[in-house]
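Okay, structure first, notes after.
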Amino acid sequence: MALVRDQLPTWRRRWRDGPPATGEQLDRLAEGGFHHLHDGEVTVLGPPPDRGYGMCGRLTTYQT
């Protein structure tokens with residue numbers, strides 16, 4: 001928590017002025033709580049068979 005405490009005011013401004021986020025979670029972080037982060041998960045998907053990775057995301061490849 002100490003590593004990110006100084007960032008909370010900036011995060012709150014981004015939340016208030018930017019895309020919708022969960023203010024309740026920011027409140028929990030400000031109070032020292034982080035257990036709600038345990039519910040997070042990462043999902044990895046393979047590339048579709050006809051599209052590959054490019055510099056900015058997916059791209060359609062052509063046979064040369």
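Can you pull out the residues in region 1-51 that are of a type in the set (A, V, I, L, M, F, W, C), at pLDDT 75 or above and surrounded by 10 or more Cβ atoms within 10 Å (Cβ to Cβ)?
Passing the criteria: V4, L8, W11, W15, L26, L29, A30, F34, L37.
When residues of region 28-48 are filtered for being assigned to a loop (DSSP other than H, G, I, E, B) and more than 15 Å from the chain's Cα centre (by Cα), how many remain?
Going through region 28-48, the residues assigned to a loop (DSSP other than H, G, I, E, B) turn out to be 31-34, 40-48.
Of the ones still in play, those that are also more than 15 Å from the chain's Cα centre (by Cα) are 31-34, 45-48.
Here the count works out to 8.
The values are calculated or read from the model by the stated rules, or taken from the named source; none is laboratory data. Note that the structure is a prediction, hence the values are computed from the model and not measured. Cβ sites come from the backbone with ideal geometry, for glycine too, and all protein chains shown count toward neighbours.
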